[in-house]
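Structure first, commentary second.
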Amino acid sequence: AFAQPALAVDIDVEQDVIATAADESDAVVQVMHIRGGRIEGGEHYVLENGGGDSPAELIEGFVTQHYDEGHGIPRELLVQALGEDAEELAQWLREKRGGAVALLCPQRGEKAALVGICQKNAADALLKRQQDEQLHLAKTSLAMQELKTALGLPTLPLRIEGFDISNTQGVLSVASMVVFEGGMPANKQYRHFRIKTVEGANDFASMAEVIGRRFTHGLAEQRERAEAGLDPAEGRFSAFPDVVLIDGGPQQLAFAHQAMLDAGVSVPMFGLAKRFEEIYLPGEDVPIVLDRRSNALHLVQRVRDEAHRFGIT
């Protein structure tokens, strides 16, 4: 909720007010729109990795991007800080608007009070973001610990790889591989595999093919990078997961697990069956049923759903 100013604002002035708040890593820019002497709305924007910039740098960079993207430029812009390029920025705003624009950094009076209110809203938005991130990290950490316990994993599942098979009326089959690190999607490590050796819509054989190819590539790349003195963790396939999630039940899992063993690799693997959201382990007939509200189930569902989404794209 916005802090509302109890100020005698000039009702004829059209103003935007911009202020920032930052921590060690990120910054938040808050914008308030004042029309007819009243706050008509506002929004905040997160600038990731902007925490090291000064308020003047953040505001000047934000203003040019924000108003270049089609947001209406008001007759008066009140900002928390300005740098050496303030006059050039003001001229740009005037040219962009096609009319007069006052770019001000007030130090006292009612306009400075408006900037102060905007700055408080920015700080509140930053604090809310920090609290949300801390809660998310706590849930994610708990989810990984719960999953480790439920599956009997030897280590915390910091890297999870999820696999799914998608096909178009049995003609074109594609496998997707998604990667979660620390409970978060690592999008740059996602991969698609065109199924090469299977004809028709045979998901079992298709999954076996892709798992075999994934780990065969990984072993070869590990050897190549070791010979070249390179870090295996930075290769396309040489970093192995702590656990593999297969989208499917016990049969799908059995094909995938055998393909991995045939490739000469043994890492923990499980299947997530869609109908009842049951977890199957290789060679086990009785599934693991997690509480519907458990953080671990929510995590593996996110991995499974992301593998499906990436596959059909």
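Numbers for the structure displayed
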read-out: Residue that is surrounded by the fewest Cβ atoms within 10 Å (Cβ to Cβ) [pool: residues in the stretch 88-107 that are touching a strand residue (DSSP E or B) at 6+ places or on another chain (Cβ under 8 Å) and in a helix (DSSP H, G or I)]; value: 90
read-out: Residue match in the stretch 34-43 (condition: touching a residue at least 12 places away in the same chain (Cβ under 8 Å), basic (Lys, Arg) and open to solvent by less than 60 Å² (accessible area, probe 1.4 Å)); value: yes
read-out: Subset of the stretch 128-137 [open to solvent by 60 Å² or more (accessible area, probe 1.4 Å) and either within 19 Å of residue 233 (Cβ to Cβ) or not basic (Lys, Arg) (or both)]; value: 131, 132, 133, 134, 135, 136, 137
read-out: Condition met for residue 219 (under 20 Å from residue 301 (Cβ atoms), among the aliphatic types (A, V, I, L, M) and surrounded by fewer than 17 Cβ atoms within 10 Å (Cβ to Cβ)); value: no
read-out: Single unsatisfied condition, residue 80 versus (1) exposed (fewer than 13 other Cβ atoms within 10 Å of the Cβ); (2) within 19 Å of residue 109 (Cα to Cα); value: (1)
read-out: Those residues of the stretch 50-76 which are assigned to a helix (DSSP H, G or I), open to solvent by less than 60 Å² (accessible area, probe 1.4 Å) and in contact with a helix residue (DSSP H, G or I) (Cβ under 8 Å, 6 or more places away or on another chain), in sequence order; value: 60, 63, 64, 67
read-out: Matching residues in the stretch 198-221 - criterion: being over 18 Å from residue 308 (Cα atoms) and modelled with pLDDT of 95 or more; value: 212, 213, 215, 216, 217, 218, 219, 220, 221
read-out: Test result for residue 272, open to solvent by less than 20 Å² (accessible area, probe 1.4 Å), under 21 Å from residue 139 (Cβ atoms), free of Cβ contacts under 8 Å to residues at least 24 places away in the same chain and not in a loop (DSSP other than H, G, I, E, B); value: no
read-out: Any strands (runs of 3 or more DSSP E) falling wholly within the stretch 137-243 and containing at least 2 residues that are among the polar types (S, T, N, Q) and more than 20 Å from residue 270 (Cα to Cα); value: 159-168
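The values are calculated or read from the model by the stated rules, or taken from the named source; none is laboratory data. Given the structure is predicted, the values throughout are model-derived calculations rather than measurements. Neighbour counts are summed over all protein chains in view; Cβ atoms, including those assigned to glycine, are modelled from backbone coordinates with ideal geometry. To get the accessible areas, we keep the full protein, side chains included, count just its heavy atoms, and leave off ligands, DNA and RNA. Shrake-Rupley method; radii C 1.70, N 1.55, O 1.52, S 1.80 Å.
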